[in-house]
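What follows is one structure encoded as structure tokens, with my remarks underneath.
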Amino acid sequence: MSDWIWLLIALLALQPVLRQRVLEAMRARVLRRIEELRGSRVIALVHRQETMSFLGVPVFRYIDVDDSERVLRAIHLTDPELPIDLILHTPGGLALASTQIARAVSRHAGKVTVFVPHYAMSGGTLIALAASEIVMSEHGVLGPVDPQVGAQPAASILRAVERKPIAEVDDETLILADQGEMAITQLRQTIHEITARRLPEHVREALASDLSAGRWTHDYAITVEEARKLGLTISTAMPPEVLELMELYPQPVRRQNVEYSPGRRSRRRAARSD
């Protein structure tokens, strides 16, 4: 009896790992299908709280140096003339990693299409700006790319210092303001660089200022309509295969908060059911 108990415990401990392996195999099949349909290299940069660690403890993800290394490797292994489709779903991450990916995307000779099925915030937006084409779901969003110094927005630190007499500002805050000014300048230059191939100078200047200078809070949702007003050309022709892929990145849930009947619901079907 004790042997069966230990076997059950082992199976429960391994269940998240086995489930993760099945999901990875299913994702690989969908990725290959998209590549065949579009004749491209498909790279998915998707960050979710996946139940993938020991005993199913959720892991929070963001763009880090491991991501940049893997994306750069994938681009390196792609023929320069072959199109790349980059699927982005991320809250952002490290400026270094995001900038590396954005520069690699902007320098790829072939067309690079970024797909944003739900959101690509902060560093994810920076990567999207470098693409030849941005495709967003109708309700997908981008976000500002204003740098953060420590836990504070760089632009807010600068404004706080400007509103006080210099004698009333402590040295640490002055140092943070100096770092913030450098960070904003660097990021503005990066946006200029990665958008040089497809945006005119006046649009690049306005875009760099709007997105980096703290016009909005860091988590502000830039919709398709607002992104177009900023000068970006956005398509909403999201391939259904991309949305199918996103279904294979489930969030861990302890309790189901959203429920609906499966399948597509149409007006014609509703009339028949009545």
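The values are calculated or read from the model by the stated rules, or taken from the named source; none is laboratory data. All figures in this text were calculated on a predicted structure; none of them were measured in a lab. So basically every Cβ, Gly included, is an ideal-geometry build from the backbone, and we count neighbours across all protein chains shown. With ligands, DNA and RNA removed, areas are computed over all heavy atoms of the protein, side chains included. Shrake-Rupley method; radii C 1.70, N 1.55, O 1.52, S 1.80 Å.
Which value, in debye to the nearest 20, gives the size of the charge dipole of segment 187-234 about its Cα centre, when Lys and Arg are +1 and Asp and Glu are -1 at the Cβ? Mind dumping the intermediate values first?
Working: 7 positive and 7 negative charges, 28 e Å.
Using Cβ point charges on Lys, Arg, Asp and Glu, segment 187-234 gives about 140 debye.
Quote the charge dipole size of the chain about the Cα centre in Debye, to the nearest 20; the model charges only the Cβ of Lys and Arg (+1) and of Asp and Glu (-1). Walk me through the numbers before you get to the answer.
Values: 33 positive and 34 negative charges, 278 e Å.
Taking the Cα centre of the chain as origin, the dipole is about 1340 debye.
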Worksheet, complete the sentence: Scalar couplings 3J(HN,Hα) for segment 156-167 by Karplus 6.51 cos²θ - 1.76 cosθ + 1.60 (θ = phi - 60°), nearest whole Hz, x for Gly and Pro, are 5, 4, 4, 5, 5, 5, 5, 8, 10, x, 4, 5
Discussion item. Please compute the per residue accessible area over segment 54-151 with all protein chains in place, 1.4 Å probe, rounded to a whole number of Å².
Written reply: 42 Å²
Item to complete: Could you order Val141, Val114 by accessible surface area, starting with the largest, using a probe radius of 1.4 Å?
Response: Val141, Val114
Worksheet, complete the sentence: SASA check, Val46, accessible area w/ 1.4 Å probe, all protein chains in place, rounded to nearest 10 Å², comes out at 20 Å²
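Kirkwood hydrodynamic radius, computed over distinct alpha-carbon pairs, for segment 98-241: how many Å, to one decimal? Can you show the working numbers first?
On the way: mean 1/r = 0.0628 Å⁻¹.
The answer is 15.9 Å.
Highest first, please rank the peptides 66-72, 208-214, 24-30, 260-266 by the mean number of other Cβ atoms sitting within 10 Å of their residues. Please list the in-between numbers first.
Numbers: 66-72: 16.7, 208-214: 19.7, 24-30: 13.0, 260-266: 6.7.
Answer by packing, highest mean first, reads 208-214, 66-72, 24-30, 260-266.
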Worksheet, complete the sentence: Ordering 87-98, 157-168 by per-residue average of other C-beta atoms within 10 angstrom, highest first, gives 87-98, 157-168
Worksheet, complete the sentence: Karplus-derived 3J(HN,Hα) from phi for segment 69-74 (6.51 cos²θ - 1.76 cosθ + 1.60, θ = phi - 60°), whole Hz, x at Gly and Pro, runs 4, 6, 5, 4, 5, 4
Worksheet entry | Rounded to whole Hz, the Karplus (6.51, -1.76, 1.60) HN-Hα couplings of segment 205-217, x for glycine and proline | 5, 5, 5, 4, 5, 4, 7, 10, 9, x, 5, 10, 5
Item to complete: Would you list the P(r) distribution for the chain, with all Cα-Cα distances sorted into 5 Å bins from 0 and each bin expressed as a whole %?
Response: 1, 5, 10, 14, 16, 14, 11, 9, 7, 5, 3, 2, 1, 0, 0, 0
